[in-house]
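J.: Right, I'll just put the structure down here and ask away after.
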Amino acid sequence: MNPLLAAVAIGIAFGWTLERAGLGSAPKLAGQFYFTDLTVFKVMFSAIVTAMLGVFWLSRLGVLDLSRVYVPETFLLPQLAGGLLFGAGFVIAGLCPGTSCVAAATGRGDGAMVMFGMFSGVLATGLAFAPLNHFYESTARGSLILPDLLHVNYGVVVCAIVAMALIAFQFAERLEKRT
Amino acid sequence: MIRRGLAIAAAILGVLALFDAPASRWRSSRRAAGATLHTIAPVELAEWIRDRKPDLRVIDLRSEEAFEEYHLPRAERFDSIAAAHLKSNETIVLVDGAVGERNVYVLRGGVRAWTDEVMNPTITANATPAARAAYDRASIVSRYFGGVPRIVDKLPATRVNAAAVRRRGC
């Protein structure tokens, strides 16, 4: 299958899922930061657990070749700075890149404005990239994966993350009921 | 009800993952008992890294500046790790020369060979079948790490810097 067609199909499915989960609404997303609506946390953590269990068991059953799954490299400081900037933008806009596309696609003006701001930011970063390049390449740590980092078996990490997710879901539900 | 069922399924799959084969079962039989110092070809090391060889640690002995400029995927700077943290059953690959020790490999040709053979494998159109087979093997890992395999009319005298073609995540 053409990779671009596959990407379009996966993108549409991802967008549809986000919209169905209610993540095209900025107030719902903003509720995450005030602990009144933890839908984002639950949807994203569910997706992580589903993907992790799928990748783990499909690779162990010989269906998926784990060596073909690309692991992006870690650059500590630039990624920390990027994460903080991303988080600040998320709180201010009430939307993240994926959900802004979903919001815009369903006709929401705020989604279109966030997309405009996002692409403006991409353009500005591209234009100002030369002086940032040294920082961008700094504190490289290679491709890190948790089993290597913690020196434990892959299965132990999988089990621990599933346990964390189930406990966190319980906690999130109680928090939402209280507020 | 559905959510409870999904949570139970996730819990079962998570607990079963605990019984995953220990790292030793995945370990390569190449590691001979009592072995001292080995060298490893860049393409073979690239395959180890790609295949997530259990207990593999790639330790870069070069300067911090050289490391920051470019390093192998999963490589760690020697200064940044404490020798006490190295376990006896781990396979250690040293980038740049080092003392001989059990399960220690030295990357043959260092980072330069990695750059040439993994990131920029090059072959002429009229190469021998053996060279072509080696090129095909290198091309697979090269593309995995974002390299650029090339078939040229004449081999270049110098190669390009691999850092310029490093693959990025999404």
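The values are calculated or read from the model by the stated rules, or taken from the named source; none is laboratory data. Because the structure is a prediction, the values reported are computed rather than measured. With ideal geometry, Cβ positions are generated from the backbone for all residues, glycine too; neighbour counts draw on all protein chains shown.
J.: Is it the case that some residue within region A:58-81 is more than 14 Å from every other protein chain (Cβ to nearest Cβ) and closer than 30 Å to B:S139 by Cα?
T.: Within region A:58-81, one or more residues are more than 14 Å from every other protein chain (Cβ to nearest Cβ) and closer than 30 Å to B:S139 by Cα.
J.: Quick test of your reading of the structure: A:M118 fulfils all but one of (1) surrounded by 15 or more Cβ atoms within 10 Å (Cβ to Cβ); (2) under 20 Å from the mean Cα position of the chain (by Cα); (3) within 14 Å of chain B (Cβ to nearest Cβ). Name the failing condition by number.
T.: In the conditions (1) surrounded by 15 or more Cβ atoms within 10 Å (Cβ to Cβ); (2) under 20 Å from the mean Cα position of the chain (by Cα); (3) within 14 Å of chain B (Cβ to nearest Cβ), A:M118 misses (3) alone.
J.: Here's a check for you: in region A:131-178, which residue that is surrounded by 15 or more Cβ atoms within 10 Å (Cβ to Cβ) and among the charged types (D, E, K, R) is farthest from the other protein chains (Cβ to nearest Cβ)?
T.: That would be A:E176.
J.: If you don't mind, there's one more thing I want to ask. Scan region A:163-172 and give yes if some residue there is part of a helix (DSSP H, G or I) and at pLDDT below 90, otherwise no.
T.: No, the conditions are met nowhere in region A:163-172.
J.: From the set of residues in region A:21-39 that are part of a loop (DSSP other than H, G, I, E, B) and of a type in the set (S, T, Y), which is farthest from the chain's Cα centre (by Cα)?
T.: Among those residues, the one meeting the criterion is A:T36.
J.: Okay, moving on. What tally of residues in region B:111-138 results from selecting those that are free of Cβ contacts under 8 Å to residues at least 24 places away in the same chain and either on the phi > 0 side of the Ramachandran plot or surrounded by fewer than 19 Cβ atoms within 10 Å (Cβ to Cβ) (or both)?
T.: 10
J.: Scan region A:140-175 for residues that are of a type in the set (K, R) and more than 30 Å from B:D60 (Cβ to Cβ) and jot them down.
T.: Across region A:140-175, the qualifying residue is only A:R174.
J.: Could you grab me the full set of residues in region A:103-151 that are β-branched (V, I, T), part of a helix (DSSP H, G or I) and within 19 Å of A:A81 (Cα to Cα)?
T.: Correct list: A:V122, A:T125.
J.: Which count do you get for residues in region B:1-40 that are part of a loop (DSSP other than H, G, I, E, B) and either of a type in the set (D, E) or modelled with pLDDT under 50 (or both)?
T.: 11
J.: Could you pull out the residue among A:A88, A:A81, A:A103 that is surrounded by 12 or more Cβ atoms within 10 Å (Cβ to Cβ) and within 26 Å of A:G15 (Cα to Cα)?
T.: Residue meeting the stated conditions: A:A103.
J.: Can you confirm whether A:I92 is modelled with pLDDT of 90 or more, over 23 Å from A:E173 (Cβ atoms) and over 16 Å from the mean Cα position of the chain (by Cα)?
T.: So A:I92 fits the description; yes.
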